[in-house]
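For reference, the structure is listed below as structure tokens.
Read the figures in this text as sums done on the coordinates, not as results from a lab. Worth saying up front: this structure is predicted, and the values here are computed from it rather than measured. Positions of Cβ are generated from backbone atoms using ideal geometry, with glycine treated the same way; all protein chains shown enter the neighbour counts.
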Amino acid sequence: MRLLKQFVAVLAVTFVGSQAIAAVEGNAWLTLALGGLTAVAAILVYAWVVRRTERRTVTEVARAGAGARIARGVLIGVGMFAAVIVNIAFIGGYHVKGLGSVSGAVALFGFMAASAATEELIFRGVLFRVVEERTGTWIALLLTGVVFGLMHLLNPDASLWGAVAIAVEAGFMLAACYAATRNLWVPIGLHFGWNFAAGGIFSVVVSGNGESRGLLDSTTSGPALLTGGDFGPEGSLYTVAAGVVLTLVFMWLAHRRGHLVPRRRRAVGVEPATATVS
């Protein structure tokens, strides 16, 4: 029941925010403002509902150190995507034609902030955390990662391979990031940094949602398995490999810090003693 209440609360904020952002499409500064407002509202609502339903301090979105943790996540996300783009460019699959659109990047900043915050709250804050309590970290990572990948089948130009790639490089990696840090700030920052680097800086297709108008005017071409094709670089083998590496690093950190939750075992009942007649 608490999972449902938390999920519905964050989803409601997500829906209202997405409708507001869609209503001001074309106005970069209003999109930025509404995207930031949606992200903040979703976090506040999540904290309030979790506090009410679980009767505890919501440490995963504690204010102390939030800025530094978000910045750390952003750096990881931008660095990861930049490494992927460098590899694609090395094989001649990514080309910069010139400067792109500052207003487009501003709008994407707001949109990506809302998307990163709401998706992390729903998938890692609610779904992964609650499933982990019942199944342990590894099974929760697998199950929620698959669900995260399947959700992207709803995107334009989506494919089964794209969903598998998203499950591995994002679903697994972001869950592992949460397991390692035990806060939502780093995963939110990482998710935002990745998405904004893709659309807002390098101007490539993000999860099959069409070309973005970011800071660079660019084109991609070449083998779909390496460039990602119509789905964007998230469908690239380079991205999947980077996601696997980061997932393993985060899970190693989670293990080292004692953050892994073991699988809950059912209590074994004691067989009643049988009386013996001598």
Once normalised by the length of the stretch 65-256, the mean sequence separation of its alpha carbon contacts under 8 Å that are 6 or more apart gives a contact order in percent of 33
Under the 7 Å Cα-to-Cβ spin-label approximation, ALA241 and VAL40 lie apart by a distance in nanometres of 4.2
Quick calc, the stretch 1-112, dipole around Cα centre from Cβ unit charges on Lys, Arg (+) and Asp, Glu (-), nearest 20 debye, gives 540
For the chain, the dipole about the Cα centre with charges only on Cβ (Lys and Arg +1, Asp and Glu -1), to the nearest 20 debye, works out at 1340
Rounded to whole angstrom, the alpha-carbon centroid of the stretch 211-244 lies from that of the stretch 42-58 at a distance of 37
Each label sits 7 Å from Cα toward the beta-carbon; between LEU150 and LEU248 the label points are separated, in nm, by 2.8
Taking 57-65, 214-222 and ranking on average Cβ neighbours within 10 Å, highest first, one gets 214-222, 57-65
With the dipole of the stretch 1-70 defined by +1 on each Lys or Arg Cβ and -1 on each Asp or Glu Cβ, the option from LEU11, LEU30, THR53 whose Cα lies farthest towards the positive pole is THR53
Per the Kirkwood formula over distinct C-alpha pairs, the hydrodynamic radius of the stretch 16-149 in angstrom is 17.3
Within the under-14-Å Cβ sphere about VAL131, not counting VAL131, Lys/Arg +1 and Asp/Glu -1 give a net charge of +4
From fewest to most C-beta neighbours within 10 Å, the residues THR247, THR135 line up as THR135, THR247
Counted neighbours (other Cβ, 10 Å), sorted fewest up, put HIS152, HIS259 in the order HIS259, HIS152
